[in-house]
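Report on one structure; see the data block that follows.
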Amino acid sequence: MSNVEVRCVETGRIFPSIKKAGDWASSGKWGYSSITQALSGLQAKAHGYRWSYVDPMYVERMSLHRRSNSWLYKQVRCVETGQVFERVADGEIWAGSKSKKPGTNLTHALKHQGGKYLGYSWEYTNETPVREYFPPNITDFLTRNVTEGRSRRGSDHLRKWVVLSKEKNGKVVCSIEGKSYPTILIDCAHIRPFKECADHDKYHRDSCLPISMWMHKLYDYGWFKIQKNGTIKVLKEGWKPLDKLDGEAIHGWRKENARFTV
């Protein structure tokens, strides 16, 4: 279990690892498992509490790691019971594995042993599950400054919803240009300036759009505006790649985004 610091939102207590947090919150052997799910945004709470990483950029770094280890994050099914597990590791733990690196043994069995492991038959589902993400209401526990270093608290959860949830093959479509770029080049851009948003809207999922770094910079400097009908209005002409976007529709625009326009 990685020694990454996590925080219990309600109590403010910081734990040196998810395992330690699980031991504190639950008497069960796998108490940390549901905390991991909550930290990933796949459930709202774990053991009656909300959780967050102390390091706001940890989720971003983990997304890069998971893309390089995607074989651990495939859905698997136990043939005998029909039960589906979101990750290979979850299935291996359920079967009773004592491995310190759950997921590796079952993956090996699926690849080299016909899917036979710990008395069960296993198979990949070849499905990409669509699961609701619960971005925590970060403003509930902002008692000090809103920022930590260069990254605002809560930005990791917001980026997960706005940017990472739209990632395909390591790329995300820029809402302004309609072109796909490597995820690292896509910003989670506020439609209305962050400082002008009400506290309960600063981390609202509809307050932002995935926008390329360069278009984000032009937007911040007033080269164009986003209108309530979800179209682009160019305010400063002179750069052809931007000029041709005047009047074009925002890609992925939702009617809920409209209330954040200026």
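Taken together, the values in this text are just the output of simple stated rules run on the coordinates, not laboratory data. In this text, all values refer to a predicted model and were calculated from it rather than measured experimentally. No Cβ is skipped: glycine too gets one built from the backbone with ideal geometry, and neighbour counts run over all protein chains shown.
Once backbone amide H atoms are built at 1.01 Å from N, D187 has I211, S212, M213 as its partners under 5 Å, excluding neighbours fewer than 5 places away on the same chain. Remark: segment 6-54 is approximated by an ellipsoid whose semi-axes, taken from the C-alpha gyration tensor as √(5λ), come to 13, 13, 9 Å, largest first. Please report the base-10 log of the normalised intensity I(q)/I(0) for segment 138-260, using a Debye sum with one equal scatterer per alpha carbon and no solvent, at each q in 0.14, 0.18, 0.20 (1/Å). Values, matching the q order: -0.60, -0.98, -1.17. Pairs with C-alpha atoms separated by more than 30 Å, drawn from the list K217/K255; K98/K171; K100/K171, are K98/K171; K100/K171. The alpha carbon centroids of segment 20-35 and segment 175-205 are separated by 34 Å. For every other residue with a beta carbon closer than 10 angstrom to the beta carbon of F15, add +1 if it is Lys or Arg and -1 if Asp or Glu, then tell me the sum. Local charge sum for F15: +2. Over all pairs of different C-alpha atoms, segment 76-124 has a mean inverse distance whose reciprocal, the Kirkwood radius, equals 10.3 Å. Where Lys and Arg each count +1 and Asp and Glu each count -1, what net charge lies around H108 among other residues with Cβ under 12 Å from its Cβ? Computed value for this residue: +2. In terms of packing, defined here as the mean over residues of other Cβ atoms within 10 angstrom, the peptides 109-120, 83-94, 233-244 line up highest first as 83-94, 109-120, 233-244. In summary, the aspartates and glutamates within cross-link reach of K116, defined as a Cα separation below 19 angstrom excluding same-chain residues under 8 places away, comprise E80, E86, D90, E92.
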